[in-house]
Amino acid sequence: MTRRNRLPIYFWLAALGVAFLVFTLLSFEYTSRPDFCASCHEIRPAVESWRTSTHSDVKCLKCHADPGTVGFIKRKVGGLREVVLHVTQAYEKPIEARFNVDNCLLCHDDVLELRETTNTRFAHGPHIESFGMDCLDCHARVVHGPREGEVEVSFHEICAQCHQQPIQSQDGCSTCHK
């Protein structure tokens, strides 16, 4: 085969490569939309509660994928598995979303220091570093709310699970509240 005869083959191979790349990128963008996720009935309640949460301006993959390009691609490959589980109805119930708590620190990087919020004083650092807790231990339902049949739990009840001593004086309240 002469060089001249190979040119059309190279052209079509390049065109197929470009078409595959465009298709892949468009697929990544389309499947990253919340409405795509909500098209599965088992995910719809989580998407609806996200829409009304304080994090409704945060895209799904910002929390549900590891940071960076490799994390994005890994999440997309995992998404293919989830589509297969949906189609075959082989997913576990209740669904537990994959979540990397390191992503919380990308936006909330100041929580490791003692900081004051609207009416609460709380040092996240010791809880994370000394006790091995992570964000979801206390904030599990901040974005997606309680599941159907689940009772909303107050932060006071969450704290009381470890801090069992009752706080009876007003001075004791100032430990956590201004």
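The values are calculated or read from the model by the stated rules, or taken from the named source; none is laboratory data. Remember, it's a predicted structure, so these values are computed and weren't measured experimentally. In this analysis, Cβ positions are derived from the backbone assuming ideal geometry, glycine residues included, and neighbour counts consider all displayed protein chains.
Odds and ends about this structure:
- Only listed residue being surrounded by fewer than 15 Cβ atoms within 10 Å (Cβ to Cβ) and within 19 Å of LEU25 (Cβ to Cβ), chosen from LYS76, LYS62: LYS62
One line per residue, one yes/no per condition, for (1) under 26 Å from GLY145 (Cα atoms); (2) touching a Ser or Thr at 6+ places or on another chain (Cβ under 7 Å); (3) not hydrophobic (A, V, I, L, M, F, W, C):
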| position | (1), (2), (3) |
| --- | --- |
| ARG4 | no, no, yes |
| TYR30 | yes, no, yes |
| VAL47 | yes, no, no |
| SER53 | yes, no, yes |
| VAL58 | yes, no, no |
| PHE72 | yes, no, no |
| GLU92 | yes, no, yes |
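- Checking each residue in the range 31-53 for being surrounded by 16 or more Cβ atoms within 10 Å (Cβ to Cβ), touching a residue at least 12 places away in the same chain (Cβ under 8 Å) and under 19 Å from LYS93 (Cβ atoms) picks out CYS37, CYS40, ILE43, ALA46, VAL47, SER49.
- For LEU106, the conditions (1) touching an Asp or Glu at 6+ places or on another chain (Cβ under 6 Å); (2) at pLDDT 75 or above are fulfilled apart from (1).
- Screening ASP66 on (1) free of Cβ contacts under 8 Å to residues at least 24 places away in the same chain; (2) within 15 Å of the chain's Cα centre (by Cα); (3) not in a helix (DSSP H, G or I) shows it passes everything except condition (1).
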